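Heads up, the thing below is written out as structure tokens.
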Amino acid sequence: MESILPEGIVERLWDNLQTRSKSTSDQIHSRAVADYLSSDRFFAEKDKLFRKLPIVVAHSSQLPNPGDFIRHDRLGMPLVISRTRSGEVAAFRNICSHRAATVAPQWKGNCHHFICPYHHWTFDLDGTLKHVPDETSFDAGEFDALALKPIAVVEKFGLIFVRLEGDHEIDIDAFLGQVAPELEGLQLERHNFFADRDTPLDCNWKVMMEGSLEVYHFKFLHAQSAAGQFLPMSAIFDDYFPHQRHVMPRKDFPKRVEAADQPRRAVLPNYFIFPNTVLTFPHDHMTLTQVFPTDLGKCVFYNALLTLDIPGENKARDYWQRALDYTQAVNQEDFDAVESVQDSYRFMDAEERVIHGRYELGISRFHRACDQLLQGYGGPCGSRIGVG
Ligand code: FES
Ligand SMILES: [Fe+2]
């Protein structure tokens, strides 16, 4: 079982290689270091990007059965995501409506209902209040209003998104735009969760995101690991504002294309779902990586591996464990570099600028999207076209 490639991508890569063309922007951009050091900007990003936009919190395969649940704290809000008896996904704040204890202390599991450990108020899988011990001590007329605080949630293409703020339902098709049909082709919902990992990092979340939005560094930083698998400086970048796609040709791309031999194995598609999620599609699995801001100069990098298996043809667990170990070894090279970037900012003036070259166009697009969604926070820190 292999997922499907975006239409026309093999032809465009082939054409680029034949004509020695490159996917680049017209302009060099630069950003002020203040962008990564300003607490005003940081809180605006947390508020406008991470509270008001849909954010991926799980893959559907993490909650396959009614009663399955996981906790999610990476957005800075304690959440429970659950699968209800009707098969829908529900999300609510993991804070008891009695006296605010943590309702679900376990990080994942399966249950018929949630029982708060403090006084055993009992909530249904969708967060509604079902039972209060000694209920005559309370006003039974208020119980309907004492459900756990619901959080907007939607499930699409095997991904579960929440949005912390906003009254109306999440219109996920409108949010994903042109990315949506391609995600459908890549069969996200057929993947199966294998394992995940959180890594706290000492850098602003955007510094880590930038490393996932360019492949300029690949040949150098990953020289001892992943670089040998790809044709250097040959990826194609496409803008699906505010989202993006880039596709990297593997070393054997020309040979496979000329021989019409499994082109799906000759490229690596990557999708960036704004503001913090990257989906990567090797031919038989996918990785879901995310960066969550935790403090001005701190973030958490989340990495999950999901396999594309046909039942009965499952590869051994150690095959997938090796795949996961491999991605984590490559990621470690990025972690060292991005933490050094943040450390260096301490010694730079706020108005000094870092440079994003023409082949780093994914980064320029990312910042442009951030600036537009922050509306007005671009200011003196925002993108400058041309260097100097
Ligand atoms: S705080 Fe949850 S039942 Fe009292
Ligand atoms: Fe990297």
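All of the numbers you see were taken from the coordinates with simple rules; none came from a lab. Values in this document were obtained by computation on a predicted structure and should not be read as measured data. A quick note on method: Cβ atoms are made from the backbone with ideal geometry, for glycine too, and the neighbour counts reach across all protein chains shown.
Could you list, in sequence order, all residues of region 62-76 that are under 21 Å from R197 (Cβ atoms), in a loop (DSSP other than H, G, I, E, B) and touching a residue at least 40 places away in the same chain (Cβ under 8 Å)? L63, R74, L75, G76, listed by residue number.
Of all residue pairs spaced 6 or more apart or on separate chains, those with beta-carbon atoms under 6 Å, a first member in region 323-349 that is charged (D, E, K, R) and a second member that is surrounded by fewer than 16 Cβ atoms within 10 Å (Cβ to Cβ) are E339/D202. When E88, E45 are checked against the criterion of being acidic (D, E) and more than 20 Å from the chain's Cα centre (by Cα), a single residue qualifies: E88. Hey, could you check region 85-112 for residues that are touching a Gly at 6+ places or on another chain (Cβ under 9 Å) and farther than 20 Å from A152 by Cα and say which is nearest to ligand 2 (Cβ to nearest atom)? Checked region 85-112; the qualifying residue nearest to ligand 2 (Cβ to nearest atom) is G109.
Answer with yes or no whether E214 is buried (at least 19 other Cβ atoms within 10 Å of the Cβ), charged (D, E, K, R) and assigned to a helix (DSSP H, G or I). So E214 does not fit the description; no. Looking across region 123-134, just one residue is out of contact with any Phe, Trp or Tyr (no Cβ under 6 Å at 6 or more places or on another chain), surrounded by 12 or more Cβ atoms within 10 Å (Cβ to Cβ) and farther than 20 Å from E88 by Cα, and that is H131.
Can you tell me which residue among T128, T102 is hydroxyl-bearing (S, T, Y) and out of contact with any Asp or Glu (no Cβ under 9 Å at 6 or more places or on another chain)? Residue meeting the stated conditions: T102. Please work out if T199 is more than 16 Å from ligand 1 (Cβ to nearest atom) and among the hydroxyl-bearing types (S, T, Y). In short, yes. Among the residues of region 148-171, those that are surrounded by fewer than 17 Cβ atoms within 10 Å (Cβ to Cβ) and not in a loop (DSSP other than H, G, I, E, B) comprise P150, A152. When we screen R245, R197 for residues that are surrounded by fewer than 20 Cβ atoms within 10 Å (Cβ to Cβ) and either closer than 23 Å to Y326 by Cα or in contact (Cβ under 8 Å) with a residue 24 or more places away in the chain (or both), the only hit is R197. Of the residues examined, V207 is one that is away from ligand 1 (no atom under 16 Å from the Cβ), under 15 Å from the mean Cα position of the chain (by Cα), aliphatic (A, V, I, L, M) and not in a strand (DSSP E or B).
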